[in-house]
Amino acid sequence: KMIIFFIIRNGIPCADRLILILVLTLLSLPCIHSQNAVLSEHHASSTIDIDFHRGIELDSAVFSTHYPTKSLDLLVAVTTKHPIVNDLSVLKSSFETWASASNFHSNDRFIIYSGSSSEVSTSFNHKSYINSSTATLRRLTKQHSSSHRSRESIERKYKKNQEFPLFWMELKEVRDSDYPALHKNVLQWEHMSQFTAFKWYLRCDDDAYVNIKLYRQLLLKLDHNVPYYVGKRSFGRAQEVARLQMKMTKYAEGGFCQVFSAGAQSLVRNCRKSVNKWRKVLGKEHTHDDVEFGRCMHEQGLRLDGLGLKVDDAFPNVGKSMNKTKPMTTEKDKILKKRLTRSEMQCPLVIHPVKSPDKMHYVHHLVERLERIHHC
């Protein structure tokens, strides 16, 4: 635009103007193409293969019995559906973006939590302790499978990926089809609270983009021995606050990760008792798991900590409004770019919901761009 303005201002004849503008346009095409190539790489199909069938079965209490207490830093636990019978393309795209080996520290661990693939009891009275009858823990292998990259490139990335162990915890007494997923998440909280090896525990949805490096940096500045409950502040839906008897002023919205410290583990272990009590008061079909987790923390005197961050910057909601006939989707790329590249925008912690692999890659591209600007 500046060059065109210069041409017009300096009185270059019309015919010469058109020729000059055409030449400049042709010269700029390689740059435009290279930019589009970068974006097309971010939108590429999945290059990750995860072998869920050949996972190595481990003692389900390995993170309590095989590691010294609080010797590891972060446990990132992602709630998803059974990987063998469901499409996990969005989750796989996480391993190419925010959960790639280059973003994960060797002192952190990543666990996928799913329900069972078989029909199981819907009774809420599951056993809260971990053993081989209630859960199966497997260590998985993953590798790059892109056909358009060289064998050497794939092998380099595969070796790097080996530094990042991936685990899958199958909760045998829970059905993935149950909604709301109160049974599943209560059992997951309990399992996580019994793993004594970690300083911090993050429970996230599989359609969340997590800025794990920044979250790690912020959490490790805090004393993990002190009880902490961290996440995106939510006040609940106006029409439900009275019906659900929500006396807590705020709770961590589940889609944006619920975080607790090692110091809060004993509180988390009491949540089944709290949930059982409120299910009797409100009815079995009443509630949401994030509301009940917040209620459990509140009743034990632990309040939500937002880490002093601006909610809209730290936890951008990029979902389109839901209606009764269509599931929630992610905003268009144009809106994502506008939301996530504002000049005053701080680096985000969690972005949700990211509903497709191409959106996950595009969000990752925008976050990396923001990180280069703000050095976060």
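The values are calculated or read from the model by the stated rules, or taken from the named source; none is laboratory data. Note that the structure is a prediction, hence the values are computed from the model and not measured. Calculation scope for accessible area: heavy atoms of the full protein, side chains included, ligands and nucleic acids excluded. Shrake-Rupley method; radii C 1.70, N 1.55, O 1.52, S 1.80 Å.
Multiplying the residue separation of His105 and Ser266 by 0.36 nm and subtracting their alpha-carbon distance yields 55.3 nm. What the range 240-376 shows is 50 Å² of accessible area per residue, with the surface traced by a 1.4 Å probe over protein heavy atoms.
Solvent-accessible area of His352, all protein chains in place: 30 Å² (probe radius 1.4 Å, heavy atoms, ligands and nucleic acids excluded). Accessible surface comparison of Met169, Met328, probe 1.4 Å, protein chains only, largest first: the order is Met328, Met169.
With the Cα gyration tensor of the range 319-374 giving a ≥ b ≥ c as the square roots of its eigenvalues, does the rule (a/c under 1.5 for rounded; else a/b larger than b/c for prolate; else oblate) give rounded, prolate or oblate?
prolate
Rolling a 1.4 Å probe over the protein chains gives Ser64 an accessible area of about 40 Å².
Which links in Lys250/Lys280; Lys199/Lys332; Lys221/Lys273 stretch past 26 Å when you go from one Cα to the other? Cα-Cα > 26 Å for Lys199/Lys332; Lys221/Lys273; rest within. The string of couplings for the range 355-366 from the Karplus curve (6.51, -1.76, 1.60, θ = phi - 60°) is 9, 8, x, 5, 5, 4, 5, 5, 4, 4, 4, 5 Hz, one whole number per residue in order, with x for Gly and Pro.
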